[in-house]
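Reading through the structure tokens given below for one structure.
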Amino acid sequence: MRRIGDEHTALAAFVAMSVLAGGNAVAIRFSNRELTPLWGAGLRFALATVLLVALMAVLRLTLPHGMAMTGAVLYGGLAIGGAFAFAYYGLVRIHAGLGQTVLALVPLATLLLAVLQRQERLRIGAVVGALLALAGIGVMSNATVRADVPVLSLLALLGAALCFAQAAVLVRHFPRAHPVTMNAVGMGTGAVLLIAGALVAQEPLELPREAATWLAIGYLVPVGSVVVFVLYLVVLRHWTASRASYEFVLIPVVTVALSAWLDDEPIGTGLILGGVLVLTGVYVGALRNTQAAGSAS
């Protein structure tokens, strides 16, 4: 009974975080129009850290200790400092829909890294599901992919995908910590690294002046950072790293629609067909035989 309850909790958190995270890449695009990439990311996660610390005080939570603290710091360095340094840079010149499409490679990268590090077995269903989902994302973004894409921006997003993947695998090597405290430490670590990078790159550390930038930050901090990342760690408690990473193939469905509406991103007529392929891939790779997959975590 407890395993079924854990599975339902993880599934609800998975769907919620995938939908909410769909607006992140679009909001980052708006933030990047006024703020420089490293500073914009650093400001976002510094503010999110403040919210998480306040939440810790309300819930009377304590910081993790020993190996749990080490895991939280390493998680922050990879999933926040590394991944978002690359992601913010890439999204300066690449539309949000295509950027999130590149990040749809995370499930395959996570599976391969988890197998190489002997954390998981190579599952045919996971590979087939990821390939179906990637095919769907490709169909959805066909018009955008044909456009001129800066190579460095594309490579930066690939770097972000690898950081996300390794962070998901790494978290499961360390003792569990409360999702709020782990994110408080992780985002604090990432914010320090990002702001340090902004200083080294001599980026201007200025607060936003435009309303659109504040609206973007207003979404990215409480929803796109605090809520989404807490839900992600809830999922990782019950699912394997590769299974949890399938959020990255559901997120683009929301991102492409929002980007077309808010940022004039061109999309092709294959949106419906691509969405069907994505959902099929997620079902085959992450949701089919949920009891068996849940017991493997």
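Below is a table of values for the structure above.
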read-out	value
Cα-centre dipole for the chain with unit charges at Cβ (Lys and Arg positive, Asp and Glu negative), debye to 20	920
Ranked list, fewest to most other Cβ atoms within 10 Å of each Cβ, for MET17, MET56	MET56, MET17
Leading residue at positive end of dipole, the range 1-146 (Cβ point charges), from ALA27, ALA126, PHE45	ALA126
The range 47-72-the range 181-206 distance, computed between alpha-carbon centres (Å)	17
Kyte-Doolittle mean at least -1.0 and Cα axial length at least 20 Å: DSSP H helices in the chain	2-20, 37-59, 124-140, 151-171, 179-200, 247-262
The chain: relative contact order as a whole-number percent, Cα under 8 Å and 6+ apart	40
Estimated distance in nm for a label pair at ALA57 and GLN202, the labels positioned 7 Å out from Cα along Cα-to-Cβ	3.9
Cα-projected label distance for VAL50 with VAL223, points at 7 Å along beta-carbon direction, nm	2.0
Ranking of THR110, THR9, THR240, THR213 by count of other Cβ atoms within 10 Å, fewest first	THR9, THR213, THR240, THR110
Gain upon complete extension [ARG33, HIS65; 0.36 nm per residue less C-alpha separation]	7.6 nm
Sorted by Cβ density within 10 Å, fewest first, the residues TYR246, TYR89, TYR283	TYR283, TYR89, TYR246
Pairwise FRET efficiency - THR9 versus HIS173, Cβ, R0 = 25 Å, nearest 0.05	0.65
Pair TRP214, ALA16: separation of 7 Å Cα→Cβ label points (nm)	2.9
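Read-outs: derived from the displayed coordinates by stated rules, not from any lab. These figures come from a predicted structure and were not determined experimentally. Heads up, the Cβs are rebuilt from the backbone with ideal geometry, glycines too, and the neighbour counts pull from every protein chain shown.
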